[in-house]
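To start, the structure under review is shown below, and the notes come after it.
The values are calculated or read from the model by the stated rules, or taken from the named source; none is laboratory data. Predicted model, so just to flag it, every value in this text is computed and none were measured. Because the Cβ atoms are built from the backbone with ideal geometry, glycine has one as well, and the counts that use them run over all protein chains shown.
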Ligand SMILES: CC(C)(COP(=O)(O)OP(=O)(O)OC[C@H]1O[C@@H](n2cnc3c(N)ncnc32)[C@H](O)[C@@H]1OP(=O)(O)O)[C@@H](O)C(=O)NCCC(=O)NCCS
């Protein structure tokens with residue numbers, strides 16, 4: 001008789017990617033479409049940013065969470081958004097990774113569903129990367145999920161590379177790469 005399978009105590013870990021900051025900074029981002037403006041966080045942005053996060057699938061944000069998150073000085077200085085007709089339509093947070101003073105991080109990269117398809121996600125990431133590289137960060141990392149194909153393609157386009165942080169990662173990345181028709 002064989003033993004029953006041991007239930008996994010490890011839920012799926014998020015995929016992890018890293019880019020060399022100065023190399024990523026040199027990659028040209030597409031031009032902003034007409035009528036769009038790229039900018040940092042402004043006082044009074046919190047409701048619009050929270051609405052954009054919710055429209056993009058991150059509905060757990062509250063005013064308290066947003067205020068605490070953006071109180072971190074690098075995140076306040078480095079995060080970027082795209083505005084169109086007075087509405088925030090794309091955004092990304094940029095910050096310092098907590099345990100490494102030379103490592104920057106991107107997270108919560110979002111583009112409103114009605115504005116997707118014009119690489120606005122790449123544009124906000126590229127602007128945040130520019131800030132982090134100029135601050136002297138050597139690397140920039142991010143976490144994502146296997147099914148976020150538009151995001152992962154964006155990150156590949158920006159020079160991010162997968163890092164295998166768990167034994168199941170190579171197979172998971174292979175599936176992602178096949179779905180993106182990359183070699
Ligand atoms: C990630 C996100 C910001 C990208 O939005 P965007 O900038 O409008 O992205 P685009 O639609 O222009 O697509 C970007 C790239 O992904 C590709 N892509 C888009 N959807 C895809 C799909 N379903 N499968 C494969 N590739 C896809 C596009 O062809 C494009 O590639 P290219 O620039 O090399 O031609 C947006 O999809 C989003 O907000 N998603 C929900 C939130 C999320 O998942 N955030 C990431 C958290 S890690």
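Go through region 24-59 and give me each residue that's assigned to a loop (DSSP other than H, G, I, E, B), within 13 Å of the ligand (Cβ to nearest atom) and under 16 Å from residue 114 (Cβ atoms). If the condition is that a residue be assigned to a loop (DSSP other than H, G, I, E, B), within 13 Å of the ligand (Cβ to nearest atom) and under 16 Å from residue 114 (Cβ atoms), then 33, 56, 57 are the ones that fit.
Taking residues in region 48-60 that are touching a residue at least 60 places away in the same chain (Cβ under 8 Å), and partners anywhere that are assigned to a loop (DSSP other than H, G, I, E, B), the pairs with Cβ atoms closer than 7 Å and at least 6 places apart or on different chains are 52/112. Here residue 166 clears all of (1) under 21 Å from residue 13 (Cα atoms); (2) touching a strand residue (DSSP E or B) at 6+ places or on another chain (Cβ under 8 Å); (3) surrounded by 13 or more Cβ atoms within 10 Å (Cβ to Cβ) except the condition numbered (2). Only one entry of 76, 122 meets the criterion of being more than 12 Å from the ligand (Cβ to nearest atom) and either at pLDDT 95 or above or outside any helix (DSSP H, G or I) (or both), and that entry is 76. Within region 92-107, the set of residues being farther than 13 Å from residue 137 by Cβ, out of contact with any helix residue (DSSP H, G or I) (no Cβ under 6 Å at 6 or more places or on another chain) and either within 9 Å of the ligand (Cβ to nearest atom) or in a strand (DSSP E or B) (or both) comprises just one member, 107.
Checking each residue of region 169-179 against the condition of being part of a helix (DSSP H, G or I), within 14 Å of the ligand (Cβ to nearest atom) and surrounded by 15 or more Cβ atoms within 10 Å (Cβ to Cβ) gives at least one match.
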